[in-house]
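Colleague: Please find one structure pasted underneath; my questions will follow.
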Amino acid sequence: GEPVVHEHRTLESIWQRERPVISETTTFDPNRDVEDLRYEELEELDVSRLAFLVGPVRVTYDSDPDLTQVADLTPYIDGRQNVVRSNTGQIALNWDKGLFTLDAPKAKGVTGFLREAGERFELDGLTMRCENDYATLQVVSMDERPLRESRRVLVQAGTTNRLTGWETQPAEFEHGDRMVQGKEIVATGKPPFLVEEILASVSLQNPHLSRAMLLDPAGYPDREVEVRREGETLTVELPENTMYLILY
């Protein structure tokens, strides 16, 4: 996308640790914890941090601050629906539902709390269904063609994984000036990792695909998977142990 922020800063402002127009969160790394920053009232930044999700953010050092340019973010941030979209129109994040979507010609996907977000996700030429509480599904062209025309497509699935014996319990903790209901980790567990089975299907509009091959975690062919075709749409129910699957 096109840059949405291009800040110009003098070296003197940097030496004096003056507040930039936009910055990362205070938990970006230990060197940026709020108590180490001169500008503690980070909520007063000139530009919303959501700008990072709209388009590129750039800075030029030892330059004239009057050259700073900030795009209008209003068309891309919907405070009522709690959604921010990229200025390419291909990426969207709903921070209320915890749902991220990618809808580009050669790559599409969803990640987040998929069951709570509705289980069914309609993208351009692609429908994904997922019953997992939390998961990631991504469909990517492997031959540089758009997904509608590709002859070889990779489907990737990721779910929650925890060490054996991982355990949490309900807990209440203070966050800022309010109390939050959350969970406390009481046991981190030990190997092996336990991976939640994926409960999902993918329906892709592409007349050139007719078969599906499940790959093992190392990327080698495992077994053929049954597919179903309705017109130009190919549907595959993902095996529960799917990490990688090839449509061809």
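Here is a yes/no grid of residues against (1) modelled with pLDDT under 90; (2) closer than 27 Å to Thr111 by Cα; (3) open to solvent by less than 60 Å² (accessible area, probe 1.4 Å):
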{"position": "Asp46", "(1), (2), (3)": "yes, no, no"}
{"position": "Pro56", "(1), (2), (3)": "no, yes, yes"}
{"position": "Asp62", "(1), (2), (3)": "no, no, no"}
{"position": "Arg85", "(1), (2), (3)": "no, yes, no"}
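Colleague: Just the residues that are of a type in the set (A, V, I, L, M, F, W, C), open to solvent by 10 Å² or more (accessible area, probe 1.4 Å) and within 26 Å of the chain's Cα centre (by Cα), please, taken from segment 184-199.
Modeller: If the condition is that a residue be of a type in the set (A, V, I, L, M, F, W, C), open to solvent by 10 Å² or more (accessible area, probe 1.4 Å) and within 26 Å of the chain's Cα centre (by Cα), then Ile185, Phe193, Leu194, Val195, Leu199 are the ones that fit.
Colleague: I would also like to ask the following. So for segment 155-177 (the condition being under 29 Å from Leu123 (Cβ atoms) and of a type in the set (A, V, I, L, M)), does at least one residue qualify?
Modeller: Yes.
Colleague: Moving on to the next point. Which of the residues spanning segment 98-112 are open to solvent by 50 Å² or more (accessible area, probe 1.4 Å) and in contact with a strand residue (DSSP E or B) (Cβ under 7 Å, 6 or more places away or on another chain)?
Modeller: Hits for segment 98-112 are Phe100, Lys106.
Colleague: Quick one: which residue in Asp143, Asp222, Asp177 is without any contact (Cβ under 8 Å) to a residue 24 or more places away in the chain and surrounded by 13 or more Cβ atoms within 10 Å (Cβ to Cβ)?
Modeller: Just one listed residue meets the conditions, Asp222.
Colleague: Scan segment 81-97 and give yes if some residue there is in a loop (DSSP other than H, G, I, E, B) and touching a Cys at 6+ places or on another chain (Cβ under 7 Å), otherwise no.
Modeller: No, that holds for no residue.
Colleague: Hey, among the residues in segment 119-137 that are closer than 14 Å to Gln205 by Cβ, free of Cβ contacts under 8 Å to residues at least 40 places away in the same chain and in a strand (DSSP E or B), which one's least open to solvent (accessible area, probe 1.4 Å)?
Modeller: The selected residue is Leu123.
Colleague: Hey, can you tell me all the residues within segment 225-240 that are within 17 Å of Leu137 (Cβ to Cβ) and open to solvent by 90 Å² or more (accessible area, probe 1.4 Å)?
Modeller: Across segment 225-240, the qualifying residues are Glu237, Glu240.
Colleague: When you look at Glu116, is it of a type in the set (D, E, K, R), part of a strand (DSSP E or B) and farther than 14 Å from Asn206 by Cα, yes or no?
Modeller: no
Colleague: How many residues does segment 4-31 contain that are within 14 Å of Tyr61 (Cβ to Cβ), part of a loop (DSSP other than H, G, I, E, B) and at pLDDT 95 or above?
Modeller: Qualifying residue count for the region: 1.
Colleague: In addition: Filter segment 147-170 down to residues that are in contact (Cβ under 8 Å) with a residue 60 or more places away in the chain and in a strand (DSSP E or B) and give me whichever is most open to solvent (accessible area, probe 1.4 Å).
Modeller: Looking at residues that are in contact (Cβ under 8 Å) with a residue 60 or more places away in the chain and in a strand (DSSP E or B), I get Gln156.
The values are calculated or read from the model by the stated rules, or taken from the named source; none is laboratory data. It should be emphasised that the depicted structure is a prediction, and the values quoted were computed from it without experimental measurement. So basically every Cβ, Gly included, is an ideal-geometry build from the backbone, and we count neighbours across all protein chains shown. Accessible surface areas use protein heavy atoms only, side chains included; no ligands, DNA or RNA. Shrake-Rupley method; radii C 1.70, N 1.55, O 1.52, S 1.80 Å.
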